Amino acid sequence: MNQDPGEMVVLSKVINFVGLAHRAGKVSIGADRCFPAIRGRSAALVFLAADAGANTAKKVRDKSAFYHIPLCQRLDRNQLGQACGHSQVVVMTVNDTGFATKLKEYLAEINWEV
């Protein structure tokens, strides 16, 4: 994925900020924890790995759309994992509106729609 230097800086901010939200305990990782957060409307933003499997991707997209929760599908599983200190993460939710708002601002800077 070829990115300009400005986009890479903002992407690094996104990954670091997701890590901060994880350390603050405001993140749910994995489908088994994310789906209840989405259904319970505690999720403010959903990250789905761009290289997620078809079944998981469909379930996450459908749940996010049904419950009107913004979804970002631009990071791969390694980038999401790096942000959280795991090897790979396919789906995760940010469960704090403050963190989610700031992440949406960062994503808007690089024209990534959520």
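FYI, it's all coordinate maths here, none of it is from the lab. The structure presented is a predicted model; accordingly, all values stated were derived computationally and were not measured. All Cβ positions, glycine included, derive from the backbone under ideal geometry; neighbour counts span all protein chains shown.
Ranking of F17, F66 by neighbouring Cβ atoms within 10 Å, starting from the fewest: F66, F17.
Are there any trypsin sites (Lys or Arg not before Pro) in segment 1-89 that are in a DSSP loop and have at most 16 other Cβ atoms within 10 Å? List them by number.
R41
The lysine pair count for segment 5-109, using Cα distances under 18 Å and pairs eight or more places apart or on different chains, is 5. Remark: C-alpha extents of the chain on the principal axes read 37, 29, 26 Å, sorted largest to smallest. The alpha carbon gyration tensor of segment 33-100 gives principal lengths a ≥ b ≥ c with a/c of 1.5 or higher and a/b no greater than b/c, which makes the shape oblate. The order of H68, H86, going from fewest to most other C-beta atoms within 10 Å of their C-beta, is H68, H86.
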